[in-house]
Structure formats: structure tokens, C-alpha cells
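Nothing in this text is a laboratory measurement; each read-out follows from the coordinates by a stated rule. Note that this is a predicted model, so its numbers are computed, not measured. With ideal geometry, Cβ positions are generated from the backbone for all residues, glycine too; neighbour counts draw on all protein chains shown.
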Amino acid sequence: MEQEDLHSLLMHLSNLSRQVTNLTAHCRSLGLENSRLKATIRSSSLLQKTAFSNNESPTTTVSQLLSDCLAREEMLSSEVGSLSKSHHSNNNPPPPPIDYYASIYTENVRLRTALKSSQQNSSKQKNLICKLRSKVDDNISSVLLCKKLKDENHALAEKLSSEIKIRKQLQQDFNNARIEHSNQKSSLSSDIKSLSLKLSEETRSKKAQSRKYAMYVEKITRSFEIIKSRNEFLEKLGNNHMQLGMLRSLGEEGSLGGRSRRSGGSGGSGEDF
């Protein structure tokens, strides 16, 4: 079970490292895209600066260009009005040549074109800035996600290290327990051998005692049989003695009766002697 958990943790760590690598590549591509957009904005700003005249400041804004264009148009209209007024009076100097007005008109057209291109460039720049902001936001979110994954990777690495320490401790405990078990097994085997020897000795002694008891029982049985046979013999002897006594008593009684009968027939005195 612990090996399966460690294997799953290693697989998760490998997946996280792969995700971190992908996010790093994505962040690198976003940085390249950011640099490209900055270069595009810089080139567009350079194009915008080169569209202006040499007398204008390179940091001229669109509103300044528009006010300059309107001022030039007002100057042109005022000059046209003064030209129409001086046309009716003979004291004024002659009007400037037509090339002057053509140059002013051309300058006005150039300024309008520059203003339109500047507006277009500013809208493009706004779009590029919006895209750049979105890319930067994506980059920030990717960096935050990468940091989060890095923190998770660090936490999982710490957890894995703690699990490895616990596994090493458990392995050490298992090895110690196995050594202790082997020692206990050897001690138990020696105890079992000694107990088996003692048991065999006790068994032999008990067998010897049982043989002795069997001999004693056999002797006692023989003694009982001898006593029984003697008792039977004595009983028979007693019976025979009793029968012999009875026969003797009967014989004595018979002998006394014969004598009395003999004495009565001869003398008639009635005495035995």
C-alpha cells in the first residue's frame, strides 16, 4: 500500500514537472511575443515621428497636430481674406505668388495625411497595447500558475521526502524486528532442543519407572496369587480337618455304642467297664 502511494506521488510529481516545463516554455514564448510587440510599437512610433516635419518636436501628440493643422487653416483663410481685400485697394503691396498658397495647401494636405496616419497608428497602437496588456495578463496568470504549481511541487516534494523518511524508518524497524525474530527463533529452537532432551530423559526415566512399577505389580500379583492359592489350600485343609474331626467324633460315638450293646447282652449290669 505504501509503495502504491509513493508510486502515485512520483507520477504526480512527474506530471507537475512536465506542466512546469510547459508553462516555462509558454512564459518564454509570451516574453518573446512581448518583445515583438514592443518592437512593433517602437517601430510604429518611429514611423509616426518620421511622418512629421523637421521643425516639429518628435513628442508631438495628435491633439497638437490637430491644433497646428487648424491654425494653419485659419492662417490660410486669413491670408486669403486679406488677399481679397488688398485686391480692391491700390495702396497694398502685390499679393504673393500662387506657389506660396500651393505650398501652404500641400503642407495642409500633408498635415491632414499625417494626422490621419497618426490616428490610424494610434488606434493600431491602442489595439497593440490592448493585445500586449492581454498577453501580459496571460503571462502574469501563467507565472502565478507556475508559482502555484511550483509551491505544490515543493509541498509534494516535502511530503515525498517525509514519506521516504517514514519508509526508511519502517524498513529499519522491519529489519530490526526480523533480526530480533531470528534471534528469538534461534533461542526458541535451542530451548526446544533442550526441552526435547529433557523430555526424552524424563520419558526414559518414566519408562524405567513404569518398567519398575510393572515389575512391582507383577510381583504383587504373583504374591496375591500365591496368597490366594495358600488361602485356598488352607481353606481346603481346614475343611478336611473339620471333616476328619467329624469322622473321628462319629467313629468314637460308634465305638462307644457297640461296647454298650455288647456289655448289656452279656451281664446286664449296664456298665461299660
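Worth a mention:
- From the list 220, 227, 192, the lone residue that is surrounded by 10 or more Cβ atoms within 10 Å (Cβ to Cβ), of a type in the set (A, V, I, L, M, F, W, C) and either on the phi > 0 side of the Ramachandran plot or within 51 Å of the chain's Cα centre (by Cα) (or both) is 192.
- Search result, residues across the range 137-194 that are closer than 19 Å to residue 18 by Cα and among the β-branched types (Val, Ile, Thr): 143
- Condition met for residue 170 (in contact with an Asp or Glu (Cβ under 9 Å, 6 or more places away or on another chain) and assigned to a helix (DSSP H, G or I)): yes
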